1. Can you list the HN-Hα couplings for segment 317-333, worked out from phi with the Karplus curve (6.51, -1.76, 1.60; θ = phi - 60°), rounded to whole Hz and with x for Gly and Pro?
2. Suppose R0 equals 30 Å; then what is the FRET efficiency for Arg458 and Lys501 from their Cβ-Cβ distance, rounded to the nearest 0.05?
3. Output the pairs from Lys136/Lys530; Lys76/Lys161; Lys103/Lys177; Lys136/Lys161 with a Cα-Cα distance over 19 Å in this structure; if there are none, say none.
4. Report the full-extension gain for the segment Gln256 to Ala406: residue separation times 0.36 nm, less the Cα-Cα distance, to one decimal in nm.
5. Can you give me the P(r) profile for segment 75-230? Cα pairs, bins 5 angstrom wide beginning at 0, each as a whole percent.
6. Using square roots of five times the C-alpha gyration tensor eigenvalues, list the equivalent-ellipsoid semi-axes of segment 449-513 in whole Å, biggest first.
7. If R₀ is 22 angstrom, what is the calculated FRET efficiency for the pair Gln527 and Asp165, using the beta carbon separation as r and rounding to 0.05?
8. Expressed as cubic angstrom per residue, what is the convex hull volume of the alpha carbon set of segment 264-443?
Amino acid sequence: MEELSQMNWPFFINGIGVLFTIIGVLIASAEFYLALSNRNRPQEEREGQGGLRTYNFLKNTLHTLRKTGRAISPGKVENGSQVFISYKRDVEPDEKLAQTLFKALANRGHFPYIDKELTVGIEWSKEIHRQIKASKFLVILLSKDAAASEMVADELELAEKSRADTGCPIPLPVRVKYTEALPYHLQRYLGNLHYVLWTSTADDLLTQDALFKAIEGEFELPEKEVTKQAHADQRKPQIQIDPRLLEVPSGAVNIQSKFYINRECDVAIHRQLRNPGSTTTIRAGRQMGKTSLLVRAVHEAKQKDLRIVYLDFQQIHRTARSSLDHLLKYMADEISQRLSPDPSKLEKIWASSRGAPDKFNQFMESVVLDEGCPFMLAVDEADRLLDADFKTDFFALLRSWDSRRAYDPLWNCLHIAIVISTHPHLLIDDHMQSPFNVGLRLELDDFNHKQVQDLNQRYMQRKITPLKEEEIPGVMSLLGGHPYLTRQAFYTMIEKGLTWKQLEQIASSESGPFRSHLHFYLSQLAQQPKLLEGLREVIETSKVSDENVLYRLSAAGLVKEDSPNGVKMRCGLYEQYFKKTINA
């Protein structure tokens, strides 16, 4: 320690500066060499070089260090910041990197937090909420596994809600060997942010240095690298339905996927689009396939040459949802941009002193429907208006469009499709003013035995199905035919090489494939004491004394009525998991 204290730190730091100057010369030489060697190569081949990504990271880090002209100073800061580290648990290298950053931040004088100390349960979930709200920064480790994690997404969403109120925590993304375009649910929060790219333990010190400087307010993270996929124009109708369209069971199912199972609702919504005008509401619990069905409805509308505008209320900034006027003006702007009419017409209409609903109706009649061409408005995640004080007026406006078809043929050109994951009575105070009591109302059902058999055949490999025929009843009992859970089970058995018995043994454990899905519900229940108590009643007594609580638990998809036996958990997996965690 005495030798360290007597070290000539200015000389040491200058030596570091010389070292990075040498690295800079090497990078400049590499840049010149790559430019020469790549000039005649296709763009795709140039972008696909793994070495180039590492080179870019070093160049970006060097650029970061050059902004101050020095490396980070050793020692501790005087006033450390609280930092929440979000990462995919029990996955490497995420777990090890999180621990490394935790130690580095603590040694630097900051106050990092990772959730390794508590047993998973209600108190764990409350602590996660508390820590996120108390933190000034959110370091989020983005690996391929983390990008598909519901818990990482949930922590980021909690952070964004807190940030909207207090300005903190500020997100600091670290990409962990992951340079692909971000999934939809992360892109809307992190897509425009700079980040650090970590590729191996050799990048530990550079990553720590960049984070220290960002946290301590010296400058931003290194310039971000944008992958080719991220340049996609999200306004084009063919891809604006949500880039979460992956074969991995996460989000909407790709329109070309062989794993999509048609249900009665598919037939009903296609039939609905044959009418001259229609109003359709798709409602169900979480991860039941609502957006997947909407994707197919939009695809069907495109085949019929309908003009289409898709609006995802999850993606609309909170300022656009601050009032009815702001929301309707935003929607009118989006429709104008997508359909490319004369923008001056919209501005002239909105300059009127009339109310926002009247102005929007005038816009629809004189700009959108005036041409007499069929038009489809697809609204996803409409439940985002749950906390809006103008929600009743908004849904009353949508409902009025259905009524207008009866006396104004112009409105027969309009098709409306609305997706909502919350029961309408939770959104609308007066159900008579709800859009959900008009038009076609579709409630998505779980897969039945025959549909699970069908899916089993589709996952066949080398003429061997993941499940034996006699195992399907066990799958139905544990997962209840839940579309996402069922697909996740098949995917895990194929990817991990597990038998059904092996999967069944770990299903409700912290190492199981449903962990993120279960954590999401646990996190939500931790913030709703009445619902938590209601769920405890179901587990212990098969009944719920509060009708409103039963109503909300059913709408959330956690329980279902089981006449004449009262109420039971939605599936065996939920019962197993919440029995273990609800009192933890």
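1. 4, 4, 5, 6, 9, 7, 7, 5, 4, 5, 5, 5, 5, 4, 4, 5, 4
2. Computed FRET efficiency for Arg458 and Lys501: 0.90.
3. The pairs that break the limit, which is 19 Å between Cα atoms, are Lys136/Lys530; Lys76/Lys161; Lys103/Lys177.
4. Here the answer is 50.3 nm.
5. In order of increasing distance, the bins hold 2, 9, 19, 24, 23, 15, 6, 2, 0 percent.
6. 17, 14, 10
7. 0.90
8. Taking the convex hull of the Cα positions in segment 264-443, it is 113 Å³ per residue.
Bear in mind that the values in this text are calculations on the coordinates, not laboratory data. Just so you know, these numbers come straight off a predicted model, no measurement behind them. In this analysis, Cβ positions are derived from the backbone assuming ideal geometry, glycine residues included, and neighbour counts consider all displayed protein chains.
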